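Structure record follows, encoded as structure tokens.
The values are calculated or read from the model by the stated rules, or taken from the named source; none is laboratory data. Note that the coordinates shown come from a computational prediction; the quantities given were computed from them, not determined experimentally. As a convention, Cβ positions derive from the backbone with ideal geometry for all residues, glycine included, and neighbour counts pool all protein chains shown.
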Amino acid sequence: MTGICKVCGRLIEPDRLEVLPTTDRCIAHASTTRSAAFMVYPHKTGGSVCVIRNPTAEQIRIAKRANRRAR
């Protein structure tokens with residue numbers, strides 16, 4: 001597997017391509033995103049994990065409130 005970074009034109013490390021075969025950036029140009037996760041309990045039998053990508057402070061506040069209310 002070989003890949004070329006779309007930002008700098010250098011070869012992407014083979015180990016990175018093995019883990020992320022569809023990546024088009026080297027590790028130096030990889031983007032990072034914040035995530036927040038919380039449990040949602042729609043039924044008494046079990047919960048589900050809800051993930052918010054790049055959450056705002058308002059989204060985190062609403063998620064915490066929903067999590068407390070559902071327990």
Select from the stretch 25-51 the residues that are modelled with pLDDT under 75 and under 30 Å from Cys8 (Cβ atoms) and list them in ascending order.
Thr32, Thr33, Arg34
Count, please, the residues in the stretch 9-41 that happen to be loosely packed, with under 12 Cβ neighbours inside 10 Å, in a loop (DSSP other than H, G, I, E, B) and not charged (D, E, K, R).
6
Checked pairs for the stretch 52-71, first modelled with pLDDT of 75 or more, second surrounded by 12 or more Cβ atoms within 10 Å (Cβ to Cβ) and assigned to a helix (DSSP H, G or I), C-beta under 7 Å and 6 or more apart or across chains, list as Ile52/Gln59; Ile52/Ala63
